[in-house]
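S.K.: Pasting a structure below so you can have a look.
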Amino acid sequence: MPGGGFSKLPNGSVVVALSLPSPTGDGGTARFLVHAANRARALTRLRNLGLRAVYLRGNTEPPTPDEITAVLHHPDGLLWRTQPVPGAVAELWHPLGWGRRV
């Protein structure tokens, strides 16, 4: 079941992480990261990029410190990658769209 969560940063912005069906169509899941001013704006950014039915219910899978670092260092603040398989090398993060960070 898809899950997600968020972390509020010291400057008041948030990083939202969602696990959704993979955009590659391989039947797996992908992890999406968004940096925005608040949770509502983060979800709106994803919806504006075509992920229309995304909702954040609870905080079951908040972003890890490594995920927060990755999204904060990306100029667009929107990243995704497929969920790593245990024992396999994780793939690199992919940019999700264009636009301003916050």
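S.K.: So which pairs qualify, if the first residue must be in segment 51-72 and touching a residue at least 24 places away in the same chain (Cβ under 8 Å), the second must be surrounded by 14 or more Cβ atoms within 10 Å (Cβ to Cβ) and among the charged types (D, E, K, R), the Cβ gap must be under 8 Å, and the two must be at least 6 apart or on different chains?
M.R.: Pairs found: Leu56/Arg39; Glu67/Arg31.
S.K.: Please go through (1) modelled with pLDDT of 90 or more; (2) more than 16 Å from Leu96 (Cα to Cα); (3) surrounded by fewer than 16 Cβ atoms within 10 Å (Cβ to Cβ) for Val14 and return the number of the only condition it doesn't satisfy.
M.R.: (3)
S.K.: Take the residues in segment 22-58 that are loosely packed, with under 13 Cβ neighbours inside 10 Å and in contact with a Ser or Thr (Cβ under 9 Å, 6 or more places away or on another chain), then tell me which one is modelled with the highest pLDDT.
M.R.: This residue is Gly28.
S.K.: So the check is Cβ under 7 Å with 6+ separation or different chains; which pairs have a first residue in segment 79-102 that's of a type outside the set (A, V, I, L, M) and a second one that's surrounded by fewer than 13 Cβ atoms within 10 Å (Cβ to Cβ) and at pLDDT below 75?
M.R.: Thr82/Thr24
S.K.: Please work out if Val85 is surrounded by 13 or more Cβ atoms within 10 Å (Cβ to Cβ) and either at pLDDT 80 or above or within 18 Å of Ser19 (Cβ to Cβ) (or both).
M.R.: no
The values are calculated or read from the model by the stated rules, or taken from the named source; none is laboratory data. Keep in mind that what you see is a predicted model, and the values were worked out from it rather than measured. As a convention, Cβ positions derive from the backbone with ideal geometry for all residues, glycine included, and neighbour counts pool all protein chains shown.
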